[in-house]
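Asks: I have a structure I would like to understand better, so I am pasting it below and will then ask my questions one at a time.
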Amino acid sequence: MSRSLKACLIFGTLATLLFASALADDVVVLTEDNFEKEVGQDRGALVEFYAPWCGHCKKLAPEYEKLGASFKKSKSVLIGKVDCDEHKGVCSKYGVSGYPTIQWFPKGSLEPKKYEGARTAEALAEFANNEGGTNVKIAAIPSNVVVLTPENFDQIVLDEKKDVLVEFYAPWCGHCKNLAPTYEKFATAFKQDEDVVIANVDADKYKDIAEKYGVSGFPTLKFFPKNNKAGEEYDGGRDLDDFVSFINEKSGTSRDAKGQLTSKAGIIEALDVLVKEFLSAPAEEKKAVLRKLEEETDKLEGSAARYGKIYVKAAKSCLDKGPIYSKNEIQRLERILAKSISEGKRDELTVKKNILGSFVSDE
């Protein structure tokens, strides 16, 4: 691999990390190192002291994230959180003995006032507005989880062009409430994939649907792949990484927990084999390999067919412009990806960059 390409790939990795950090939660993560740099300064701060294993904390999480999103642009109030398992010193210093504990720190002060009100985004916002002299309203955050009802269940779940994961839940179920924020992040990670649907259905309200699919406990998750609309039980873990790995394996997608495409996105092994043959073939034989690449691409369907066309176009460009084409094009794409662009455009360019990487000779 050339020095210029290595440098370009390193630059791309850094750009990806920077982009991922921009997608972090709207609640400011406070630690031993940054607590007094953020709190007690030029704005008031509402701080949640929590533990990752705490059920009440998990239940609060979606409400607190809504609060953070609503105050994100406020210059007078900071919404923060501290993991007390990881940063025991901070939590001990401010007298935290139970979770979650929510405290208000006035502007310029590290003397907190404990919040004793309801644990809803609206109640917390009212308190922060009163203490901070602001007038922030709770923003409506659109969900990426598809809500199923008797009217749309069959149309969405039984669509043989979609892989669908369904959570059967009950509104009163504590485990369902705990799962909700993770399930939402999971759905958000795959919102750009047209062939993947992350959905839920109120099985307490729509008992006929629950009975039809043998649901007797909540939450129950069932996967309805393109080739099995009878459904199959999901018995994997319920952390975000578990869900992401499951869909990547079952649907052939290549995303991480932040929804970013991985280096495997767009890569088709059968076509990669032909690319290696294309690169090693003498000049007079390359066109014959290109024809084989076109023939294999014609057999593909769905998103794979789109990726195949990128392979073919790249091979033709390499024929016309020489082997340097792929390296130059990767560098151009890296420059674009380092900028602020739409998620759809980022996906498109990442796939193209990954496929072009197959056309870079190791020599």
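Asks: Among the residues of region 330-351, what is the count of those that are in contact with a Phe, Trp or Tyr (Cβ under 9 Å, 6 or more places away or on another chain) and under 15 Å from Leu261 (Cα atoms)?
Replies: Qualifying residue count, region 330-351: 5.
Asks: I've got another one for you. Among the residues of region 124-135, write down those that are touching a helix residue (DSSP H, G or I) at 6+ places or on another chain (Cβ under 9 Å) and either open to solvent by 50 Å² or more (accessible area, probe 1.4 Å) or modelled with pLDDT under 95 (or both).
Replies: Of everything in region 124-135, just one residue is touching a helix residue (DSSP H, G or I) at 6+ places or on another chain (Cβ under 9 Å) and either open to solvent by 50 Å² or more (accessible area, probe 1.4 Å) or modelled with pLDDT under 95 (or both), namely Asn135.
Asks: Of all residues in region 30-66, count the ones that are under 23 Å from Asn129 (Cβ atoms) and either among the aliphatic types (A, V, I, L, M) or without any contact (Cβ under 8 Å) to a residue 12 or more places away in the chain (or both).
Replies: Adding up the residues that qualify gives 7.
Asks: Suppose we keep only residues that are modelled with pLDDT of 95 or more and farther than 18 Å from Ala230 by Cα within region 145-171. Which one would you say is surrounded by the fewest Cβ atoms within 10 Å (Cβ to Cβ)?
Replies: Going through the qualifying residues, I end up with Glu151.
Asks: If you don't mind, there's one more thing I want to ask. Restricting to region 237-253, count the residues that are small (Gly, Ala, Ser) and modelled with pLDDT of 95 or more.
Replies: The qualifying residues number 2.
Asks: In addition: Inspect all residues belonging to region 286-302 and state whether any of them is in contact with a strand residue (DSSP E or B) (Cβ under 8 Å, 6 or more places away or on another chain) and farther than 22 Å from Leu179 by Cα.
Replies: No, the conditions are met nowhere in region 286-302.
For every residue, the table says whether it meets (1) on the phi < 0 side of the Ramachandran plot; (2) within 21 Å of the chain's Cα centre (by Cα).
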position: Tyr206; (1), (2): yes, no
position: Gly231; (1), (2): no, no
position: Asp241; (1), (2): yes, yes
position: Ile247; (1), (2): yes, yes
position: Thr253; (1), (2): yes, yes
position: Leu261; (1), (2): yes, yes
position: Gly266; (1), (2): no, yes
position: Glu277; (1), (2): yes, no
position: Ala281; (1), (2): yes, no
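Asks: Can you pull out the strands (runs of 3 or more DSSP E) entirely within region 16-95 that have at least 2 residues that are at pLDDT 95 or above and open to solvent by less than 10 Å² (accessible area, probe 1.4 Å)?
Replies: Filter on region 16-95 gives 44-50, 77-83.
Asks: Here is a further query. Identify, please: which residue in region 49-87 is among the basic types (Lys, Arg) and farther than 20 Å from Glu36 by Cα and is, among those, farthest from the chain's Cα centre (by Cα)?
Replies: Filtering first and then ranking leaves Lys73.
Asks: Every residue in region 269-287 that is out of contact with any helix residue (DSSP H, G or I) (no Cβ under 6 Å at 6 or more places or on another chain) and not in a helix (DSSP H, G or I), please.
Replies: Pro282
Asks: Identify, please: which residue in region 240-268 is assigned to a helix (DSSP H, G or I) and acidic (Asp, Glu) and is, among those, surrounded by the fewest Cβ atoms within 10 Å (Cβ to Cβ)?
Replies: Across region 240-268, the extreme among qualifying residues is Glu249.
Asks: Read through the list (1) surrounded by 15 or more Cβ atoms within 10 Å (Cβ to Cβ); (2) over 32 Å from the mean Cα position of the chain (by Cα), then give the number of the only condition that Leu110 fails.
Replies: Going through (1) surrounded by 15 or more Cβ atoms within 10 Å (Cβ to Cβ); (2) over 32 Å from the mean Cα position of the chain (by Cα) one by one, Leu110 breaks only (1).
Asks: Sticking with this structure for a sec: What helices (runs of 4 or more DSSP H) lie completely within region 121-233 and have 1 or more residues being closer than 30 Å to Leu78 by Cβ and among the polar types (S, T, N, Q)?
Replies: Those helices (runs of 4 or more DSSP H) span 121-132, 174-189.
The values are calculated or read from the model by the stated rules, or taken from the named source; none is laboratory data. Please read all numbers here as calculations on a predicted model, not as lab measurements. Neighbour counts are summed over all protein chains in view; Cβ atoms, including those assigned to glycine, are modelled from backbone coordinates with ideal geometry. Heavy atoms of the whole protein, side chains included, go into the accessibility calculation; ligands, DNA and RNA do not. Shrake-Rupley method; radii C 1.70, N 1.55, O 1.52, S 1.80 Å.
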